[in-house]
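Asks: One structure, as structure tokens, below. Some questions next.
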Amino acid sequence: MAGEDLTSSRFAAPPRPPLSPSDLGTEGLLTTARQLTERTWELGLPAFFWGEGVCLLGMVRVAEAAGETYPERVREWLTAQARRDIVPDHVNHLAPGTAAVLADTPEFSPLTERLRDWAFTDPAVTRDPNGAIEHWPGGVWADTVFMAGVFFGHLGEARQDPSLVAEFGRQLIAHAEILQDRETGLYVHGSHGGTPVRCFWGRANAWCALGSVEYLELAHRSPHLTDPATVDAVTASLTRQLTALARRQPEHGVWSVLVDDQPENAGILETSAAAGIGAAMLRAARVLPDPPAEVAAAGWRAVAGALAYLDDGILTRVSAGTVLQLVPFGYSVIRDDRPQPWGQGLALHAVAAALAAGGHPAPAAGGHAALAAGGQPRATEPAVEAAG
């Protein structure tokens with residue numbers, strides 16, 4: 001059966017102009033971080049779940065980039081959660097554990113141990129034959145490398161346990177084997193019944209890129225905990241992915257919800273993916289051995305484009321929690337009209353990465369990085385709630 005429904009893409013709102021480099025200096029970024037953080041707490045972080053985990057880690061990353069101590073409100077939130085009888089039943093419950101590990105206090109050790117034990121012993125945690133942890137039985141999703149893998153990596157570093165760090169690396173490689181498209185280098189959202197669904201969802205690419213950067217940063221800090229072959233494999237996969245994303249980036253910086261501009265989704269912009277991908281690109285420029293020049297430039301465009309959608313400290317045009325869609329049209333009808341914790345969190349990650357990079361550099365002469373070699377226009381490719 002053929003036929004495309006262009007209803008949603010035809011009526012997509014036009015893009016906003018990106019922020020100027022002067023808006024992305026250190027003082028401006030610090031102001032933005034304060035506004036984002038305050039509004040995030042006002043909106044509330046009610047559950048020990050994935051959206052909250054993305055926010056908490058974003059706040060920690062902002063504090064690190066600003067040279068500040070661990071955020072006290074994050075510590076207080078974790079203290080209150082640790083007093084509850086948290087019973088994990090999905091890999092998304094691991095996401096807040098990363099912030100608990102980074103607090104570096106024995107107070108949260110029982111909590112992080114409970115999360116670790118569940119992940120490695122509970123039969124509910126199913127795996128693909130290649131070892132990738134399934135988001136749902138029978139389905140591998142990109143979300144898992146960030147929600148679970150990053151937790152494994154930081155817990156392994158804190159405990160000086162190379163087996164946990166190795167599991168982080170294995171998850172990145174196993175997910176790439178299933179989800180990274182051999183033709184384009186982009187990631188699909190997930191697999192269904194063992195088969196990847198060829199929908200190059202933006203936030204899936206953000207989760208995988210950020211997870212890969214977290215692993216490579218860990219490898220730089222603690223090389224004795226990582227395996228050189230795994231580092232090489234993650235480096236190659238990330239370089240290929242980010243180069244592909246840079247070449248498909250629009251001038252205003254924010255990709256469509258499916259980053260290859262599949263016709264039913266073209267022009268339906270999704271800001272949280274741009275924020276996450278932009279953060280990964282800026283951070284990758286410091287850990288890749290030979291970072292392509294267009295990647296850092298694309299990172300700044302993504303951050304400037306995404307943060308232009310901040311209204312009173314809330315990131316707008318963020319898609320709701322999204323289960324795996326079996327056809328591209330499904331992504332065109334996901335609501336994006338209300339605040340989402342993962343939007344707030346990924347915006348914080350973007351601000352943190354921009355701060356860590358020292359603010360936006362002076363504009364440089366040269367063409368747009370989304371153009372392919374020779375100045376040709378960027379190419380496009382033809383093309384079930386614990387959602388990402």
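The values are calculated or read from the model by the stated rules, or taken from the named source; none is laboratory data. If you're wondering where the values come from, they're calculated on a predicted model, not measured in any experiment. Please note: Cβ atoms are built from the backbone with ideal geometry, for glycine as well, and neighbour counts cover all protein chains shown. Heads up: the accessible areas ignore ligands, DNA and RNA and are worked out on the full protein's heavy atoms, side chains in. Shrake-Rupley method; radii C 1.70, N 1.55, O 1.52, S 1.80 Å.
Asks: Which condition number in (1) out of contact with any Phe, Trp or Tyr (no Cβ under 7 Å at 6 or more places or on another chain); (2) open to solvent by less than 30 Å² (accessible area, probe 1.4 Å) is the one that Phe329 fails?
Replies: Just one mismatch for Phe329, condition (2).
Asks: May I pose another question? Identify the residue in the range 176-185 that is in a loop (DSSP other than H, G, I, E, B) and not acidic (Asp, Glu) and, among all such residues, is most open to solvent (accessible area, probe 1.4 Å). Step through it out loud before you land on a result.
Replies: Looking only at the range 176-185, we keep the residues that are in a loop (DSSP other than H, G, I, E, B), and these are 181-185.
Checking the rest, the ones that are also not acidic (Asp, Glu) come to 182, 184-185.
On the way: Arg182: 213, Thr184: 13, Gly185: 0 Å².
Residue satisfying both the conditions and the ranking: Arg182.
Asks: Looking only at residues that are assigned to a helix (DSSP H, G or I) and of a type in the set (Val, Ile, Thr) in the range 240-292, which one is farthest from Ala65 (Cα to Cα)?
Replies: Checking each candidate, the answer is Thr243.
Asks: Take Gly53 and tell me if it is open to solvent by less than 10 Å² (accessible area, probe 1.4 Å) and at pLDDT 95 or above.
Replies: yes
Asks: Quick one: in the range 305-342, of everything that is part of a helix (DSSP H, G or I) and of a type in the set (A, V, I, L, M, F, W, C), which residue is nearest to the chain's Cα centre (by Cα)? Give the derivation first.
Replies: Taking the range 305-342 as the starting set, the residues that turn out to be part of a helix (DSSP H, G or I) are 305-307, 328-333, 341-342.
Next, only the ones that are of a type in the set (A, V, I, L, M, F, W, C) stay: 306-307, 329, 333, 342.
On the way: Ala306: 13, Leu307: 15, Phe329: 22, Val333: 21, Trp342: 9 Å.
If we take residues in the range 305-342 being part of a helix (DSSP H, G or I) and of a type in the set (A, V, I, L, M, F, W, C), then Trp342 is nearest to the chain's Cα centre (by Cα).
Asks: Would you check if Asp128 is surrounded by 21 or more Cβ atoms within 10 Å (Cβ to Cβ), in contact with a strand residue (DSSP E or B) (Cβ under 9 Å, 6 or more places away or on another chain), under 27 Å from Val323 (Cα atoms) and acidic (Asp, Glu)?
Replies: On the way: surrounded by 21 or more Cβ atoms within 10 Å (Cβ to Cβ): no; in contact with a strand residue (DSSP E or B) (Cβ under 9 Å, 6 or more places away or on another chain): yes; under 27 Å from Val323 (Cα atoms): yes; acidic (Asp, Glu): yes.
Spelling it out, it is not the case that Asp128 is surrounded by 21 or more Cβ atoms within 10 Å (Cβ to Cβ), in contact with a strand residue (DSSP E or B) (Cβ under 9 Å, 6 or more places away or on another chain), under 27 Å from Val323 (Cα atoms) and acidic (Asp, Glu).
Asks: Shifting gears a bit: Output the number of residues of the range 139-178 satisfying the condition of being more than 15 Å from Val54 (Cα to Cα) and in contact with a strand residue (DSSP E or B) (Cβ under 7 Å, 6 or more places away or on another chain).
Replies: 5
Asks: Something else now. Any residue at all in the range 88-109 that's under 26 Å from Val323 (Cα atoms), aromatic (Phe, Trp, Tyr) and modelled with pLDDT of 95 or more?
Replies: We begin by selecting, within the range 88-109, every residue under 26 Å from Val323 (Cα atoms); these are 88-99.
Filter again for aromatic (Phe, Trp, Tyr), leaving none.
Scanning the range 88-109 turns up no residue that is under 26 Å from Val323 (Cα atoms), aromatic (Phe, Trp, Tyr) and modelled with pLDDT of 95 or more.
Asks: Shifting gears a bit: Suppose we keep only residues that are of a type in the set (Val, Ile, Thr) and in contact with a strand residue (DSSP E or B) (Cβ under 9 Å, 6 or more places away or on another chain) within the range 274-322. Which one would you say is nearest to Ala244 (Cα to Cα)? Let's see the steps before the verdict.
Replies: First, the residues of the range 274-322 that are of a type in the set (Val, Ile, Thr): 277, 287, 295, 303, 314, 316, 318, 322.
Now narrow it down to the ones that are in contact with a strand residue (DSSP E or B) (Cβ under 9 Å, 6 or more places away or on another chain): 316, 322.
Details: Thr316: 25, Thr322: 23 Å.
If we take residues in the range 274-322 being of a type in the set (Val, Ile, Thr) and in contact with a strand residue (DSSP E or B) (Cβ under 9 Å, 6 or more places away or on another chain), then Thr322 is nearest to Ala244 (Cα to Cα).
Asks: Output the residue which, of all residues in the range 140-175 that are farther than 15 Å from Glu214 by Cβ and open to solvent by less than 10 Å² (accessible area, probe 1.4 Å), is nearest to the chain's Cα centre (by Cα). Full working, then the answer.
Replies: Initially, the range 140-175 is screened for residues farther than 15 Å from Glu214 by Cβ, giving 140-141, 159-163, 174.
Next, only the ones that are open to solvent by less than 10 Å² (accessible area, probe 1.4 Å) stay: 140-141, 174.
Working: Val140: 16, Trp141: 13, Ala174: 17 Å.
The residue in question is Trp141.
Asks: Restricting to the range 66-87, what's the tally of residues that are open to solvent by 40 Å² or more (accessible area, probe 1.4 Å), among the β-branched types (Val, Ile, Thr) and more than 24 Å from the chain's Cα centre (by Cα)?
Replies: Residues in the range 66-87 being open to solvent by 40 Å² or more (accessible area, probe 1.4 Å), among the β-branched types (Val, Ile, Thr) and more than 24 Å from the chain's Cα centre (by Cα): 1 in total.
Asks: While we're on this one: Among (1) closer than 30 Å to Gly3 by Cα; (2) not in a helix (DSSP H, G or I), there is one condition Gly359 misses while meeting the rest; what is its number?
Replies: (1)
Asks: Now for a separate question. Among the residues of the range 105-139, write down those that are within 24 Å of the chain's Cα centre (by Cα), among the β-branched types (Val, Ile, Thr) and not in a loop (DSSP other than H, G, I, E, B).
Replies: Thr112, Ile133
Asks: Then there's this: Kindly provide the set of residues from the range 211-246 that are under 21 Å from Ala353 (Cα atoms), of a type in the set (D, E, K, R) and open to solvent by 20 Å² or more (accessible area, probe 1.4 Å), ordered by number.
Replies: Scanning the range 211-246 gives Glu217, Arg221, Arg240.
Asks: Keeping to the range 186-209, report how many residues are at pLDDT 95 or above and either surrounded by fewer than 24 Cβ atoms within 10 Å (Cβ to Cβ) or in a loop (DSSP other than H, G, I, E, B) (or both). Can you show your working first?
Replies: Looking only at the range 186-209, we keep the residues that are at pLDDT 95 or above, and these are 186-192, 195-209.
Subsequent filtering for residues that are either surrounded by fewer than 24 Cβ atoms within 10 Å (Cβ to Cβ) or in a loop (DSSP other than H, G, I, E, B) (or both) retains 186, 188-189, 191-192, 195-200.
So the count comes out to 11.
Asks: Taking Trp118 as the residue in question, decide whether it is in contact with a Pro (Cβ under 9 Å, 6 or more places away or on another chain) and at pLDDT 95 or above. Spell out how you get there, then give the answer.
Replies: Working: in contact with a Pro (Cβ under 9 Å, 6 or more places away or on another chain): yes; at pLDDT 95 or above: yes.
Answer is yes for this residue.
Asks: What is the number of the single condition among (1) in contact with a Pro (Cβ under 8 Å, 6 or more places away or on another chain); (2) farther than 22 Å from His252 by Cα that Ala80 does not meet?
Replies: Unmet for Ala80, out of (1) in contact with a Pro (Cβ under 8 Å, 6 or more places away or on another chain); (2) farther than 22 Å from His252 by Cα: (1).
Asks: Give the residues of the range 95-104 that are closer than 17 Å to Ala80 by Cβ and in a loop (DSSP other than H, G, I, E, B), sorted by residue number.
Replies: Answer for the range 95-104, where residues must be closer than 17 Å to Ala80 by Cβ and in a loop (DSSP other than H, G, I, E, B): just Ala103.
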